[in-house]
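Please treat every number below as a calculation from the coordinates, not as lab data. Note that the structure is a prediction, hence the values are computed from the model and not measured. All Cβ positions, even for glycine, are placed from backbone atoms using ideal geometry, and neighbour counts span all protein chains on display.
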Ligand SMILES: Cc1cc2nc3c(=O)[nH]c(=O)nc-3n(C[C@H](O)[C@H](O)[C@H](O)COP(=O)(O)O)c2cc1C
């Protein structure tokens, strides 16, 4: 372990509706319609708050996905979903993902700031650019624009949104005339208790990281190894500094897939049983999507061919996340497994996030190690099955972290920006 560093680790939960594993819906603790049950969502919010967690995250997905590779093919729109949870909680931050490719900046700025007001300043926008032709077809496009173009639009989009949020405080009109947007006017929504929603970003390609360094206050990252996480952590912090910001203004939280048990054996059994209860094709489908190559064409007992690792089969049209792809390829290069070994070892579930199977005590060791190594500011934890995985985090992991001086005993503020950036002032219009 490297030198201790002061401060508290940040903990978010990537809710993924029922859990990250495709068998999550089979939990006897769930009802058929839990994902639309206000009681289910209230319980998640309250449990997260019981653990004084920083935030709970929801991904978006403006398309109906294939259950063969999406554990949660049905879901609600995140700001609406979190609206219900805001009403029954007081402290926990609420992060909603929304696309810059398929939204309008004025409309989204208004919706997010309105929602932030009603949460009492606990809202965050997780900015993504969205991948996949199926999403594009819902918006009258045959396919998503190329990644570079999506990020060009994202960059201007976020400038418009921030200008509109600033205008809510100053009353000045926004006069924006750019390549993608023309906006003249202002919102009639007032600033929230935290000024405006916290800005998260997810997407680890060079353009994604550049955008994070310029504007993000939080990054939802995808890291498979500690070394890689340290490298990316330093990169984004440096990019923030290059943009005249304090590196401390951008917090980095990679996802971490969890199966927990009271002994290591129990955790492994739980993980095995849940994986075995899911569809066998799941890993192969996800891997294909993530690396941009039809993995069913690979020889199962051979290592991954170099050309498959080097680039997607069609780099021009590869729509997956480059950030995820880079993590997966680095892991394969390091351990050099055959395709069969890789699928067996990783039980690849499609995200490019590292997995952890063990006890809450061991998880606390893992978090402490990555935190003190300068790899993370915190983790966005992703339980296999949320309904019984989240209480273990709130009631067992958090007390261990508290004893080690790594986590708060109670909320010290009641805004999300306060939780994440304790010590940083609420942004004033001049600093936006
Ligand atoms: C950790 C993480 C979470 C993401 N969550 C979403 C999401 O909820 N919705 C979405 O459309 N894209 C999501 N993405 C994908 C990207 O933001 C994006 O849509 C795109 O493919 C660009 O990613 P890239 O910069 O890694 O290439 C996520 C990416 C990462 C790394």
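Determine the equivalent ellipsoid of the range 83-133 by diagonalising the alpha-carbon gyration tensor, then write out the semi-axes as square roots of 5 times the eigenvalues, largest first, rounded to whole Å.
23, 12, 8
Taking the beta-carbon count within 10 Å as an exposure proxy, list 251, 336, 207 from fewest neighbours to most. Present the calculation step by step, with values, prior to reporting the outcome.
Working: 251 22, 336 10, 207 18.
Least crowded to most crowded, the residues run 336, 207, 251.
Give me the extension gain from residue 269 to residue 138: residue separation times 0.36 nm, minus the current Cα-Cα distance, reported in nm with one decimal.
Gain on stretching residue 269 to residue 138: 43.1 nm.
Over the range 167-278, what is the relative contact order in whole percent, taking alpha-carbon pairs under 8 Å and six or more residues apart? Each step should come with its number before you reach the end.
Working: 123 pairs, mean separation 19.3, N = 112.
Value for the range 167-278: 17 percent.
How big is the range 152-268 on each of its three principal axes, counting only the C-alpha atoms and giving the largest first in Å?
Cα extents, longest axis first: 60, 29, 26 Å.
Which ordering of 306, 77, 231 is given by a fewest-first count of other beta-carbon atoms within 10 Å?
Sorted ascending by nearby Cβ count, the order is 306, 231, 77.
Rg/Rh for the range 1-152: what does it come to with C-alpha atoms and Rh from Kirkwood?
Answer for the range 1-152: 1.00.
Exposure proxy check: 174, 80 ranked by fewest other beta carbons within 10 Å?
Fewest to most other Cβ atoms nearby, the residues stand as 80, 174.
Can you grab the distance from the C-alpha centre of the range 8-59 to the C-alpha centre of the range 182-212, Å, no decimals?
Comparing the Cα centres of the range 8-59 and the range 182-212, I get a distance of 25 Å.
Would you mind checking the radius of gyration and Dmax of the chain based on alpha-carbon positions, in Å?
Spelled out, the Cα radius of gyration and Dmax of the chain are 20.7, 65 Å.
If you average over every viewing direction, what projected area does the convex hull of the Cα atoms of the range 263-369 give, in nm²? Spell out each step's value before the answer.
On the way: hull surface 30.0 nm².
Average projection, Cα convex hull of the range 263-369: 7.5 nm².
Between residue 361 and residue 338, 0.36 nm times their residue separation minus their Cα-Cα distance comes to what?
5.0 nm
Restricting to the range 250-383, compute how many DSSP beta bridges are antiparallel as a %, nearest 5.
10
Roughly how large, in nm² to one decimal, is the mean projection of the convex hull of the alpha-carbon atoms in the range 1-61?
Taking the Cα atoms of the range 1-61, their convex hull projects to 6.5 nm² on average.
Output the antiparallel fraction of DSSP beta bridges having both residues in the chain, as a percent to the nearest 5.
Rounded to the nearest five, the antiparallel share is 15 percent.
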